[in-house]
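Worksheet: the structure to be examined is printed underneath.
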Amino acid sequence: MSVETAERSDAQAKVISPERLAHFVVRTSKFEELVNWYQTVLGAVPAFKNDILAFLSYDEEHHRVAILNVPDLKPQPDGVAGVHHNAFTYASLADLMATYERLRDLGIKPVFPINHGPTTSMYYADPDGNQIELQVDNYPTVEEATEFFYSEAFAENPIGVEFDPEDLLRRLKAGEPEADLKRRPDIGKRGLADIKLR
């Protein structure tokens with residue numbers, strides 16, 4: 001091993017990873033509308049709020065979402081590089097679907113419901129078009145989910161299979177086991193070109 005390779009390996013060994021993801025921040029000219037939307041969707045409450053800034057949280061963290069009030073921003077154009085979405089995990093499919101039902105009844109509907117394999121997910125767009133993913137893990141352990149990434153099914157279709165949330169909700173309420181409902185169907189080969197990403 002060369003000295004340069006050894007130094008690079010030592011530097012990589014010294015990397016300290018973060019303990020957890022703390023929050024994300026959005027800027028908007030629709031301040032009150034976004035604050036209300038994130039409170040409604042995530043069940044978040046303001047830890048702090050004034051005319052310029054809101055810190056929202058739904059758990060022990062002092063804020064999970066920060067919203068900055070920036071006047072006169074232009075709308076986001078389609079087809080530009082940037083963050084696609086932020087994701088939030090629920091404890092069970094029943095919790096995810098109860099959230100779907102509550103939001104649906106308030107007129108907030110997912111823009112893209114999909115079973116990725118490791119997760120059953122519903123993507124929502126806030127009033128500025130920023131997306132969040134509400135999801136449930138489909139496997140009981142991280143190791144089992146990781147195994148799926150190396151499966152033939154994932155190699156053939158790394159995107160997933162869209163689903164009808166109303167049908168999934170009906171089946172869940174009819175008593176079908178969550179494990180069965182979270183199992184991703186096999187629809188064959190699929191890639192990014194097969195779906196429309198916002």
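The values are calculated or read from the model by the stated rules, or taken from the named source; none is laboratory data. Model, not experiment: these values are computed from the prediction. Virtual Cβ from ideal backbone geometry, glycine too; neighbours counted across all protein chains shown.
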Evaluate the following for Pro71: is it loosely packed, with under 12 Cβ neighbours inside 10 Å, in contact (Cβ under 8 Å) with a residue 12 or more places away in the chain and either within 21 Å of Trp37 (Cα to Cα) or touching a Leu at 6+ places or on another chain (Cβ under 9 Å) (or both)? yes
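Report, by residue number, each residue of segment 128-154 that is among the hydrophobic types (A, V, I, L, M, F, W, C) and either in contact with a Phe, Trp or Tyr (Cβ under 9 Å, 6 or more places away or on another chain) or in the same structural domain as Gly43 (by TED's automatic domain parsing) (or both).
Residues satisfying the conditions are Ile132, Leu134, Val136, Ala145, Phe148, Phe154.
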Is there a residue in segment 50-60 that is outside the structural domain of Pro127 (by TED's automatic domain parsing), surrounded by 12 or more Cβ atoms within 10 Å (Cβ to Cβ), of a type in the set (A, V, I, L, M) and more than 23 Å from Leu106 (Cβ to Cβ)? yes
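Quickly run through segment 93-120 and pick out the residues that are closer than 25 Å to Ser151 by Cα and exposed (fewer than 13 other Cβ atoms within 10 Å of the Cβ).
Passing the criteria: none in range.
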Cβ-Cβ below 7 Å, separation at least six or inter-chain, first residue in segment 133-159 and within 21 Å of Tyr123 (Cβ to Cβ) and without any contact (Cβ under 8 Å) to a residue 24 or more places away in the chain, second surrounded by 15 or more Cβ atoms within 10 Å (Cβ to Cβ) and small (Gly, Ala, Ser): which pairs? Tyr139/Ala145
